[in-house]
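Engineer: Before we start, here is the structure in question, set down as structure tokens.
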Amino acid sequence: MSIVSIIRRKERNRAAIDFTLDYHAHILPGCDHGSDSLETSQKQIAMAKAAGIKTICATPHFYPNRDTTHSFLLRRQLSYEKLSPYLVKSDPQILLGAEVLICDAIENMDELYSLCLEGTNELLIEMPFYKWPSSIWATIYHLNDREDIRPVIAHAERYPAENIELLIREGISLQLNVDCLLKPFKRKRYFSWIENGYVAYLGSDIHTTGANYQDWIKCKNAVNAFCSR
């Protein structure tokens with residue numbers, strides 16, 4: 001199923017979660033502080049396949065204070081070209097994207113659209129882990145006003161819920177990491193976000209070869225149990 005088909009299906013069924021799609025993963029070898037080698041990337045992909053994942057969005061970190069879009073895209077492409085000869089037909093499809101750290105006025109950055117997930121206008125945004133100043137609020141709202149970009153908040157469970165709920169009111173979509181749905185603390189809130197259609201995607205946010213894809217299967221069971229209650 002293509003990413004466009006997934007998006008259109010979600011427009012028809014707001015609470016749907018596609019467990020064959022990992023929207024947030026660091027699987028490109030040496031591209032950031034995710035996979036450290038081709039061998040690690042191959043292990044990550046094998047674990048994803050075993051968890052039933054058909055599509056992985058490769059979303060290496062983009063830091064505006066360290067990278068230009070050109071240097072980032074070149075590094076990402078070279079990393080993907082290192083991996084692609086080892087992919088086989090039965091492996092998950094790899095879509096190229098980025099996890100973009102928000103900064104003041106990033107909406108004015110040249111070629112920002114080129115960081116959107118391949119085949120879409122979706123830009124995965126990492127928010128600050130400190131108190132969001134007014135300039136950051138202005139930036140996310142300006143991004144949301146752009147016609148050519150649809151922001152998606154990466155690992156939304158990591159930020160203050162009151163901030164996320166303000167973004168929800170603006171129609172900004174969320175991505176959750178699967179492990180947050182396995183922890184009793186606060187997961188009722190996350191299930192509620194899913195039920196109300198605020199969560200567009202789940203992600204493993206895998207960096208090395210931990211339990212992320214084992215958590216994926218457990219999370220699928222937990223969400224299905226919640227939705228069928």
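Engineer: If I filter segment 46-68 down to residues being assigned to a loop (DSSP other than H, G, I, E, B) and among the hydroxyl-bearing types (Ser, Thr, Tyr), which single residue comes out as nearest to Glu122 (Cα to Cα)?
Structural biologist: Out of the qualifying residues, it is Thr59.
Engineer: Here is a further query. Do the conditions hold for Ala138, that is, is it closer than 15 Å to Ile102 by Cα and small (Gly, Ala, Ser)?
Structural biologist: Answer is yes for this residue.
Engineer: With touching a strand residue (DSSP E or B) at 6+ places or on another chain (Cβ under 7 Å), over 17 Å from Tyr213 (Cβ atoms) and of a type in the set (Phe, Trp, Tyr) as the only criterion, which of Phe129, Phe62 stands out?
Structural biologist: Numbers: Phe129 fails: touching a strand residue (DSSP E or B) at 6+ places or on another chain (Cβ under 7 Å).
After ruling out the rest, the residue left standing is Phe62.
Engineer: Suppose we filter segment 77-101 for residues that are touching a residue at least 40 places away in the same chain (Cβ under 8 Å), under 21 Å from the mean Cα position of the chain (by Cα) and part of a loop (DSSP other than H, G, I, E, B); how many remain? Lay out the reasoning, then the answer.
Structural biologist: First, the residues of segment 77-101 that are touching a residue at least 40 places away in the same chain (Cβ under 8 Å): 79-80, 82-83, 86-87, 90-92, 94-95, 97, 99, 101.
From the residues that got through so far, the ones that are under 21 Å from the mean Cα position of the chain (by Cα) too are 79-80, 83, 91-92, 94-95, 97, 99, 101.
Applying the additional criterion that residues be part of a loop (DSSP other than H, G, I, E, B) yields 91-92, 97.
Residues flagged as touching a residue at least 40 places away in the same chain (Cβ under 8 Å), under 21 Å from the mean Cα position of the chain (by Cα) and part of a loop (DSSP other than H, G, I, E, B) within segment 77-101 amount to 3.
Engineer: Still on this structure, please answer the following. How many of the residues in segment 132-168 are outside any helix (DSSP H, G or I) and out of contact with any strand residue (DSSP E or B) (no Cβ under 7 Å at 6 or more places or on another chain)?
Structural biologist: So the answer is 7.
Engineer: Okay, next question. May I ask you to list pairs of residues, at least six apart or on different chains, whose Cβ atoms are under 7 Å apart, with the first in segment 196-221 being over 23 Å from Ser35 (Cα atoms) and the second being in a loop (DSSP other than H, G, I, E, B) and of a type in the set (D, E, K, R)?
Structural biologist: Close Cβ pairs (under 7 Å, with a partner that is in a loop (DSSP other than H, G, I, E, B) and of a type in the set (D, E, K, R)) amount to Gly197/Arg14.
Engineer: Next up: Restricting attention to segment 23-44, which residues are surrounded by 24 or more Cβ atoms within 10 Å (Cβ to Cβ) and outside any loop (DSSP other than H, G, I, E, B)?
Structural biologist: Hits for segment 23-44 are Tyr23, His24, Ala25, Ser41, Gln44.
Engineer: Go through segment 144-169 and report how many residues are in contact with a Phe, Trp or Tyr (Cβ under 7 Å, 6 or more places away or on another chain) and among the acidic types (Asp, Glu).
Structural biologist: 2
Engineer: Still on this structure, I have one more. Which number in (1) surrounded by 15 or more Cβ atoms within 10 Å (Cβ to Cβ); (2) within 17 Å of the chain's Cα centre (by Cα) marks the one condition that Ile136 misses?
Structural biologist: Exception for Ile136: condition (2).
Engineer: For Pro128, indicate whether it is touching a residue at least 12 places away in the same chain (Cβ under 8 Å) and within 18 Å of Ile206 (Cβ to Cβ).
Structural biologist: No.
Engineer: Here's a follow-up. Inspect segment 114-123 for any residue being under 20 Å from the mean Cα position of the chain (by Cα), surrounded by fewer than 16 Cβ atoms within 10 Å (Cβ to Cβ) and in a helix (DSSP H, G or I) and give the result as yes or no.
Structural biologist: Yes.
Engineer: Also, quick follow-up: Can you give me the number of residues within segment 107-128 that are modelled with pLDDT under 95 and either farther than 24 Å from Arg158 by Cβ or in contact with a His (Cβ under 9 Å, 6 or more places away or on another chain) (or both)?
Structural biologist: Residues that pass the stated criteria total 4.
Engineer: Residue pairs, Cβ under 6 Å, 6 or more apart or interchain, first in segment 20-32 and on the phi > 0 side of the Ramachandran plot and aromatic (Phe, Trp, Tyr), second modelled with pLDDT of 95 or more and part of a strand (DSSP E or B). List them.
Structural biologist: Close Cβ pairs (under 6 Å, with a partner that is modelled with pLDDT of 95 or more and part of a strand (DSSP E or B)) do not exist here.
Engineer: Take the residues of segment 172-229 that are small (Gly, Ala, Ser) and assigned to a strand (DSSP E or B): which is surrounded by the most Cβ atoms within 10 Å (Cβ to Cβ)?
Structural biologist: Step by step, filter segment 172-229, then rank; the result is Gly203.
The values are calculated or read from the model by the stated rules, or taken from the named source; none is laboratory data. Only a predicted model underlies this, so the values are computations on that prediction, with no experimental measurement involved. Using ideal geometry, Cβ is built from the backbone for each residue, glycine included, and neighbour counts are taken over all protein chains shown.
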